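Notes to accompany the following structure.
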Amino acid sequence: MASEEVKTGELAVEKIVNLAEEAKLARDEIKPTSHALLSICKSLVAGGVAGGVSRTAVAPLERLKILLQVQNPHNIKYNGTVQGLKYIWKTEGFRGLFKGNGTNCARIVPNSAVKFFSYEQASKGILWLYREQTGNEDAQLTPLLRLGAGACAGIIAMSATYPMDMVRGRITVQTENSPYQYRGMFHALSTVLRNEGPRALYKGWLPSVIGVVPYVGLNFAVYESLKDWLIKSKPLGLVEDSELSIVTRLACGAAAGTVGQTVAYPLDVIRRRMQMVGWKGAASIVTGEGKSQAPLEYTGMIDAFRKTVRYEGVRALYKGLVPNSVKVVPSIAIAFVTYEQVKDILGVEIRISD
């Protein structure tokens with residue numbers, strides 16, 4: 001990304017402050033330059049804004065996806081994308097479509113900020129090591145190396161904010177008839193910690209880590225590789241002066257999101273179900289009602305996979321895939337485009353202030 005921004009003398013200086021230079025500074029115990037700090041702050045702010053904007057835009061579909069993933073198979077209330085959205089509107093009103101969005105934004109802003117920043121830093125580190133091993137100073141990241149950088153970024157960001165994601169899942173599936181209501185993110189965190197212990201905040205963490213590799217890794221790898229291919233080959237006149245239009249970037253982000261979410265989706269279903277285990281006074285959508293009421297019990301990831309397939313079939317691993325597909329494509333696309341646009345805006349502001 002940095003190479004695309006090298007258009008002025010000042011940004012040329014910023015490009016010089018790459019990983020090799022930072023490694024040298026670290027060995028010499030010299031503090032990073034102001035340009036390096038500005039670059040870090042710019043990446044964090046841009047990543048946070050990108051995550052918040054993209055998730056808010058598709059909040060109703062995000063909530064419906066989670067409801068479909070965890071609802072009791074013997075007490076179906078949500079049956080498809082259109083019917084599900086209509087049912088939420090009918091039973092909970094407009095606010096119901098956005099339930100849990102505040103918690104999601106509170107989680108996704110730091111998550112996206114750390115993810116995008118970690119990806120840039122991991123990319124620089126991997127590229128530096130790759131150039132050192134090959135002896136080629138002009139070598140560029142291959143798709144496989146980008147996959148590794150994306151996976152590292154995803155694991156770091158997900159682990160840092162996982163407790164927020166865990167309680168967000170529970171808040172999202174609450175309805176007005178839930179036996180016990182979490183009043184917000186902090187109340188949910190303290191309640192889970194008090195009633196279930198600190199380990200409960202990381203229920204479903206293992207399938208999340210495993211799912212990070214194909215999901216986040218492929219998102220970044222496909223997006224960056226498509227961008228590079230379009231800039232080099234310039235097909236159908238989509239590229240002018242080595243720059244991609246916003247529409248073209250949007251298409252690249254959409255393709256990246258589609259590939260990543262399709263491969264990793266079963267792990268996302270298992271993660272959500274594991275997050276509901278041990279919830280005292282769980283929402284009726286999880287436990288069912290009347291004769292079908294029963295607690296959700298899994299001893300681990302493998303047990304969750306086994307029971308889901310045994311009692312509901314393989315198709316259960318893809319519950320909510322349709323609204324997720326509709327959601328992920330614009331969400332990922334908007335996130336990538338917003339990220340780069342905010343970075344450009346911040347870059348202009350920095351140059352003016354200097």
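The values are calculated or read from the model by the stated rules, or taken from the named source; none is laboratory data. Keep in mind that what you see is a predicted model, and the values were worked out from it rather than measured. Heads up, the Cβs are rebuilt from the backbone with ideal geometry, glycines too, and the neighbour counts pull from every protein chain shown. Ligands, DNA and RNA are stripped out before the accessible areas are found, and what is left, the full protein with its side chains, is counted by its heavy atoms. Shrake-Rupley method; radii C 1.70, N 1.55, O 1.52, S 1.80 Å.
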query: Ranked by accessible surface with a 1.4 Å probe, highest first, in what order do 76, 66 come?
result: 76, 66
field: Convex hull volume per residue in cubic angstrom - Cα atoms of the stretch 113-173
entry: 79
- prompt: Which percent of the accessible area of the stretch 247-316 is formed by carbon and sulfur heavy atoms (probe 1.4 angstrom)?
  reply: 63
field: Per-residue SASA entry for residue 94, accessible area with 1.4 Å probe, Å² rounded to 10
entry: 130
- prompt: Counting only the heavy atoms of the protein chains, how much of residue 138 is accessible to a 1.4 Å probe, in Å² to the nearest 10?
  reply: 120
message: Rounded, prolate or oblate for the stretch 107-212? Axes are the square roots of the Cα gyration tensor eigenvalues, ordered a ≥ b ≥ c, and the cut-off for rounded is a/c under 1.5.
response: prolate
query: By accessible area of protein heavy atoms, probe 1.4 Å, what ranking do 128, 279, 229 get, highest first?
result: 229, 128, 279
- request: Would you kindly find the accessible area of residue 132, with a 1.4 Å probe and non-protein molecules such as ligands, DNA and RNA excluded, rounding to the nearest 10 Å²?
  value: 110
- request: With a point put 7 Å past each Cα toward its Cβ, work out how far residue 280 is from residue 234 in nm, to one decimal.
  value: 6.8
message: For a Förster distance of 56 Å, can you work out the FRET efficiency between the beta-carbons of residue 137 and residue 199, rounded to the nearest 0.05?
response: 0.75
- request: For residue 243 paired with residue 181, estimate the spin-label separation in nm (one decimal), with each label point 7 Å from Cα along the Cα-to-Cβ line.
  value: 5.1
- prompt: Hey, if we sort 224, 137, 92 by accessible area with the 1.4 Å probe, largest down, what's the order?
  reply: 137, 92, 224
- request: For each pair in 227/327; 280/307; 65/232; 115/232, compute the distance between the two Cα atoms and list the pairs where it is over 30 Å.
  value: 65/232
